[in-house]
Every structure is written in structure tokens, then in C-alpha cells.
Amino acid sequence: DTAVSQTPKYLVTQMGNDKSIKCEQNLGHDTMYWYKQDSKKFLKIMFSYNNKELIINETVPNRFSPKSPDKAHLNLHINSLELGDSAVYFCASSPLTGLAKNIQYFGAGTRLSVL
Amino acid sequence: DQQVKQNSPSLSVQEGRISILNCDYTNSMFDYFLWYKKYPAEGPTFLISISSIKDKNEDGRFTVFLNKSAKHLSLHIVPSQPGDSAVYFCAATLLSSGNTPLVFGKGTRLSVIA
């Protein structure tokens, strides 16, 4: 039983399409995140949610829209996909309080390839 | 503008010897530092962390050292094992500000040779 699970693991699509990546955590954490790892291997924050509420939205194009139906899920929807969106997207979660509050647990990643 | 830098993209070490991975940061506001380990096709896995009020934290074969004045931290693995071969990411954050995102370095690929 994976703590943070993302689907799909691989996603190959054409430019201009709309796609979604799903993320679920069963750790009971209050905060969830989306990170992007680009071709230069940097892991950069995109969004952060606390109990379904958007906390951080780094300079990400409006084509990216996170949705949190409940605190265990944070999905990422991407409209009008562009070549530059090709990357590995990681979901993560962390508890809001306690000794482990800033230790983030990551999913296995979704490798998105836009052709 | 890299706030967290890992200047060595790769490191090779013989099994049984010590591995030392280095990390520098520029933002003096960072007060919590973490090391993550990543295998191919998997997500980063938390390894060890250190608060800025300490200069050393040890967990088994892994020790992290923090030099605040130099804005430098290092991860020591001793003895190194072939299973330690992975990419290691240094990360920093502002613990005092609540749940803030991690700022990652670019990673160092460690190869432990049997």
C-alpha cells in the first residue's frame, strides 16, 4: 500500500491536448504539493495545498490547474499542452504539525512527454 | 537563481569507504535542511534532516553536518554500500514559517563500486 500514489506513471500526448494527473496520499497529511523536475533535473515547487486550500502557486502558467476534492487528493489538470511541459511531475505530502512537519513524502512521479 | 547548490554532479566511491556529499545554500533564512535519496523511476525518499540550531545529526551510517557561517552542509555515509548508489538531493526550507515547499539542489549521483 503506497503512501503517496500518482497515476499515470507515464503519459505521452500530443501538443494542444488536455490531460490530468491524479495523486492520492493515505498518510493522513494536511498538506500536499506538486513539483516539476525539468530536463535540467531541478525539482521545483508548483503548488501547495493545505486542507484543500491553495497556499502557494509559484509562477506556473494558468494552463495548469490543481484541484483538491479532499485533503487526501490533489490532482493536476493541464490544458493546451506544450512541448515545454515535458517533464517529470512529483506529488508530495507532509503533516502540518509535529516533529515531522516539514518532511515531505513523494510519489513515484509521472513522466509527461508532449510530442 | 539557485538558492541550493550541489556542485558535484557525480561521485564514485569504493564499497566500505566514506562518501561525502556537499551542499551550499545562499538564503540565510533557511532553518531546516533535508537530504533525499532517489532511485531511477522512483520518487525522492527522505533520508535525514537537520535543524539550524544543530551542527550535526546522525542516523546509523548517515550523518549530516551543518556549518551555518559557511552556509554549507554535508552528508557522510560510512561505510558506503552498493545499495547506496542513487541520486542524492539536498533541500532547504523555512521550518518556522509552517509547511513551506522544499528548495532542492540539482542532485549528486553517487556510485558505490563493489
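The values are calculated or read from the model by the stated rules, or taken from the named source; none is laboratory data. Computed from a prediction, not measured in an experiment: that's the story for all the values here. Neighbour counts run over all protein chains shown; Cβ positions are idealised from the backbone, glycine included. Calculation scope for accessible area: heavy atoms of the full protein, side chains included, ligands and nucleic acids excluded. Shrake-Rupley method; radii C 1.70, N 1.55, O 1.52, S 1.80 Å.
Quick check for you: with a 1.4 Å probe and neighbouring chains kept, what is the accessible area per residue of region B:4-113, in Å²?
Normalised by residue count, the accessible surface of region B:4-113 is 46 Å².
Taking 0.36 nm per intervening residue step and subtracting the Cα-Cα distance, what contour gain separates B:M29 from B:S111 on full extension?
Gain on extension, B:M29 to B:S111, equals 26.3 nm.
Give A:K101/B:K5; A:K19/B:K38; A:K101/B:K38; B:K37/B:K68; A:K9/A:K36 a once-over and call out the pairs whose C-alpha atoms are over 18 Å from each other.
Among A:K101/B:K5; A:K19/B:K38; A:K101/B:K38; B:K37/B:K68; A:K9/A:K36, the Cα-Cα distance tops 18 Å for A:K101/B:K5; A:K19/B:K38; A:K101/B:K38; B:K37/B:K68.
Read phi for every residue in region A:91-104 and hand back ³J(HN,Hα) as whole Hz from Karplus 6.51 cos²θ - 1.76 cosθ + 1.60, θ = phi - 60°, with x for Gly and Pro.
9, 8, 9, 8, x, 8, 9, x, 5, 9, 5, 10, 8, 9
Can you tell me how region B:4-113 classifies by the Cα gyration tensor, rounded, prolate or oblate, using a/c under 1.5 as the rounded cut?
Prolate is the answer for region B:4-113, as a/c is 1.5 or above and a/b outweighs b/c.
Compute the relative contact order of chain B as a whole-number percentage, counting only Cα pairs closer than 8 Å that sit 6 or more residues apart in sequence.
Relative CO of chain B lands at 37 percent.
Please turn the phi angles of region A:71-78 into ³J(HN,Hα) values with the Karplus equation 6.51 cos²θ - 1.76 cosθ + 1.60 (θ = phi - 60°), one per residue in order, whole Hz, x for glycine and proline.
Calculated HN-Hα couplings, in order: 6, 8, 10, 9, 9, 10, 10, 10 Hz.
Need one number: buried accessible surface between chains A and B, 1.4 Å probe, both sides summed, DNA, RNA and ligands left out, in Å² to 100.
That pair hides around 1800 Å² of surface in total.
Give me the percent of the accessible area of region A:4-114 that comes from carbon and sulfur atoms, probe 1.4 Å, all protein chains in place.
52
Using a 10 angstrom cutoff on alpha carbons, build the Gaussian network for chain A and name the most mobile of A:G16, A:G84, A:G98.
Among A:G16, A:G84, A:G98, the largest mean-square fluctuation in the Gaussian network model of chain A belongs to A:G98.
Of B:R61, A:R111, which has the most accessible area with a 1.4 Å probe, and how do the rest follow in descending order?
Per-residue accessible area, sorted high to low, gives A:R111, B:R61.
Let me confirm one metric for peptide B:100-113, namely the mean number of other chain beta-carbon atoms within 10 Å of its residues' beta-carbons.
Mean shielding count: 4.
Taking all protein chains as present, what is the carbon and sulfur share of the accessible area of chain B, in % to the nearest whole number, probe 1.4 Å?
49
Over the whole of A:38-45, what's the average partner chain Cβ count within 10 Å per residue? Rounded to a whole number, please.
Going residue by residue through A:38-45 and averaging, the value is 5.
Averaged per residue, what accessible surface does region A:27-115 expose to a 1.4 Å probe, in Å²?
With the other protein chains kept in place, region A:27-115 gives 45 Å² per residue.
Specify the residue with the greatest mean-square fluctuation among A:M15, A:M46, A:M32, computed from a Gaussian network of chain A linking alpha-carbon atoms under 10 Å apart.
Result for chain A, Cα springs under 10 Å: A:M15 fluctuates most.
Evaluate the relative contact order of chain A (contact order divided by residue number), counting alpha-carbon pairs under 8 angstrom at least 6 apart; express in whole percent.
About 36 percent, as a whole number.
Cα to Cα, under 14 Å, and not fewer than 8 places away if on the same chain: which aspartates and glutamates meet these conditions relative to A:K67?
The qualifying aspartates and glutamates are A:E24, A:E53.
Using a Gaussian network model of chain A whose springs link C-alpha atoms within less than 10 Å, name the residue from A:I56, A:I21, A:I45 with the highest mean-square fluctuation.
Top of the fluctuation ranking is A:I56.
Taking a virtual spin label 7 Å from the Cα of B:Q3 along the C-beta vector, which residues in region A:34-68 bring their backbone nitrogen under 20 Å of it?
Counting backbone N atoms under 20 Å from the label point, the list is A:34-38, A:40-50, A:54-61.
If I take R0 = 25 Å and measure r between the Cβ atoms of A:S5 and A:L99 in this structure, what FRET efficiency does the formula 1/(1 + (r/R0)^6) give, to the nearest 0.05?
Calculated transfer efficiency: 0.50.
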